[in-house]
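> Sharing a structure with you now.
The values are calculated or read from the model by the stated rules, or taken from the named source; none is laboratory data. Not measured: the values here are computed from a predicted model. Neighbour counts run over all protein chains shown; Cβ positions are idealised from the backbone, glycine included.
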Amino acid sequence: MVAIAAVGFAVLAPSAAIPAPQDVVLSWTASTSPEGAVIGVAAKTQLSVPLAASAPGGPAVTIHIAGALPKGSVLRAADGNPAKATFIWTPSATQVGDYHVTFTAAAQVPVASAPRTIIVRVGRAGQPPPGPPSPPGVFPRQYALSDGAKETYQWAFIRHRTVARSGPSRSARAISRLGFRTPELYRNAILVLNGVQYRNGQQWLRVRLAILPNSSTGWVRRGSLGRFQTIHTRMVIDRSRLRATLYRYGKPIFRTGVGVGQPQWPTPRGEFYIREKLSGYYAPAYGPRAFGLNARSSVLTDWLGGGFIGIHGTNEPGILPGRVSHGCVRMRNPAIMRLFGLMPIGTPVSIR
């Protein structure tokens, strides 16, 4: 989350009669978004946010940006009473996330409005603009299912084979087929991010996919997934520090050193999730337990199953931590055994 400050300054135009400060009431007008409003925009799409402030019977007002703003954004302002401004931004594909933008309007006399903060929520290009749940009766209704700010995530098993599409519509481009089983023949679990419901009751869900490029998402019909299951865990794997940390409700509950991919077989960066938990197999090199991710190697694409990345134990604990694998994340066996009891299916995994 990025905090951005936008500050108002006085317009020092001469005036024959300037009211006393206590007589001037400066406030935001109706065209300005309410305090704390969440405004969604997809990357590579222009966002225009109008602002207006007035001081009835008082001097001119201005809304002026002095602090740093998101790269590529501008504020086009017109002083007056009311003063008007438009915050304009076309976020790039690398600017996905939440941005807090704070505005303050000021007049010639030493009086200023209460700060007005909006949250610009930038989603991935080609996806519907992210944002808060739509008000009742508004269609299509958007709603969140996994919320990182609340450390609450939802996942579900695939109920039957389906096709993930580029948008929430049967006419959208097909981008991946989703099967009932994973390559290891476990039930296929899917992390669900958000949903859209249309007036006719039809619902589509945006889910994380197990395809290249990594971190891809797609849309599936609600009926193709089973019952939602809720979790509150999240894992972060830091490739530079060779460390994995598991959080529950935002608090760290597990840390350990890890092995990651060698330079020629790097562990991929991105946003993933735990798709399966594996045990009961006989492969000393993988240790006693393993987690299957939806991440895939962009180098070893000809491997059996398509080069999927996992988190597993090892029979060579002495080489950890280090850059030692073909892309998977390795842990010492006592650590993987402990983690197996702490990290459920569906857990989001950020690899940095």
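> Pick from the range 76-91 the residues that are farther than 20 Å from Ile119 by Cβ and free of Cβ contacts under 8 Å to residues at least 60 places away in the same chain: which of them is surrounded by the fewest Cβ atoms within 10 Å (Cβ to Cβ)?
Of everything passing the filter in the range 76-91, Arg76 is surrounded by the fewest Cβ atoms within 10 Å (Cβ to Cβ).
> Out of all the residues in the range 41-80, which are modelled with pLDDT under 85, farther than 16 Å from Arg124 by Cα and in a loop (DSSP other than H, G, I, E, B)?
Scanning the range 41-80 gives Ala55, Pro56, Gly57, Gly58, Pro59, Ala60, His64, Ile65, Ala66, Gly67, Ala68, Leu69.
> Continuing with this model, one more query. Restricting the search to the range 244-261, which residues are farther than 18 Å from Glu151 by Cα and out of contact with any Ser or Thr (no Cβ under 7 Å at 6 or more places or on another chain)?
Thr256, Gly257, Val258
> Same structure, new question: Evaluate the range 242-252: report whether one residue or more is assigned to a loop (DSSP other than H, G, I, E, B) and either under 25 Å from Leu185 (Cα atoms) or not assigned by TED's automatic domain parsing to the domain that holds Phe308 (or both). Show your work before the answer.
First pass over the range 242-252, keeping only residues assigned to a loop (DSSP other than H, G, I, E, B): 242, 249-250.
Those left that are additionally either under 25 Å from Leu185 (Cα atoms) or not assigned by TED's automatic domain parsing to the domain that holds Phe308 (or both): none.
No, the range 242-252 contains no residue that is assigned to a loop (DSSP other than H, G, I, E, B) and either under 25 Å from Leu185 (Cα atoms) or not assigned by TED's automatic domain parsing to the domain that holds Phe308 (or both).
> Assigned by TED's automatic domain parsing to the domain that holds Gly292, modelled with pLDDT of 90 or more, within 18 Å of the chain's Cα centre (by Cα) and buried (at least 17 other Cβ atoms within 10 Å of the Cβ): does that describe Ile190?
In short, no.
> Also, quick follow-up: When only residues in the range 227-254 that are within 23 Å of Leu320 (Cβ to Cβ) and of a type in the set (Ser, Thr, Tyr) count, which is farthest from the chain's Cα centre (by Cα)?
The qualifying residue farthest from the chain's Cα centre (by Cα) is Ser240.
> Has the range 222-233 got any residue that is part of a loop (DSSP other than H, G, I, E, B), closer than 27 Å to Gln142 by Cβ and touching a Ser or Thr at 6+ places or on another chain (Cβ under 7 Å)?
The answer is yes; a qualifying residue exists.
> So, in the range 92-108, of the ones that are closer than 30 Å to Gly57 by Cα and buried (at least 19 other Cβ atoms within 10 Å of the Cβ), which residue ends up nearest to the chain's Cα centre (by Cα)?
Result: Val101.
> Return the residues of the range 168-186 that are closer than 17 Å to Gly346 by Cα, free of Cβ contacts under 8 Å to residues at least 40 places away in the same chain and charged (D, E, K, R); say none if nothing qualifies.
Arg181
> Here is a further query. Restricting the range 30-55 to residues that are closer than 17 Å to Arg76 by Cβ and among the polar types (S, T, N, Q), which is surrounded by the fewest Cβ atoms within 10 Å (Cβ to Cβ)?
So the residue we want is Gln46.
> Quick one: which of Arg296, Arg269, Arg275, Arg241 is in contact with a Lys or Arg (Cβ under 8 Å, 6 or more places away or on another chain) and among the basic types (Lys, Arg)?
Exactly one residue qualifies, and that residue is Arg269.
> Take Phe308 and tell me if it is modelled with pLDDT of 95 or more and of a type outside the set (Lys, Arg).
no
> Another question about this same structure. Would you please list the contacts, defined by Cβ atoms under 6 Å and residues six or more apart or on different chains, that run from a residue in the range 238-252 that is under 15 Å from Ile311 (Cβ atoms) to a residue that is among the basic types (Lys, Arg)?
Every condition considered, the pairs that remain are Asp238/Arg352; Thr245/Arg255.
> When both residues are 6+ apart or on different chains and their Cβ atoms are under 6 Å apart, which pairs have a first residue that lies in the range 316-340 and is over 15 Å from Ala290 (Cα atoms), and a second that is hydroxyl-bearing (Ser, Thr, Tyr) and surrounded by fewer than 16 Cβ atoms within 10 Å (Cβ to Cβ)?
none
> Determine the pairs where a residue that is closer than 16 Å to Ala295 by Cβ and touching a residue at least 60 places away in the same chain (Cβ under 8 Å), located within the range 212-230, has a partner that is surrounded by fewer than 15 Cβ atoms within 10 Å (Cβ to Cβ) and of a type outside the set (A, V, I, L, M) with Cβ atoms under 9 Å apart, the partner being 6 or more residues away or on another chain.
Leu212/Ser298; Leu212/Thr301; Leu212/Gly306; Pro213/Ser298; Asn214/Arg269; Asn214/Ser298
> Given the options Ile158, Ile88, name the one that is out of contact with any helix residue (DSSP H, G or I) (no Cβ under 8 Å at 6 or more places or on another chain), under 30 Å from Val196 (Cβ atoms) and either modelled with pLDDT of 85 or more or not charged (D, E, K, R) (or both).
That would be Ile88, the only listed residue that is out of contact with any helix residue (DSSP H, G or I) (no Cβ under 8 Å at 6 or more places or on another chain), under 30 Å from Val196 (Cβ atoms) and either modelled with pLDDT of 85 or more or not charged (D, E, K, R) (or both).
> Write out, first by first residue and then by second, each pair whose Cβ atoms fall under 8 Å of each other, whose residues are 6+ apart or on separate chains, and whose first residue, in the range 271-293, is in contact (Cβ under 8 Å) with a residue 24 or more places away in the chain while the second is among the small types (Gly, Ala, Ser) and surrounded by fewer than 12 Cβ atoms within 10 Å (Cβ to Cβ).
Final answer for the pair search is Pro288/Ser279; Arg289/Ser279; Ala290/Ser279.
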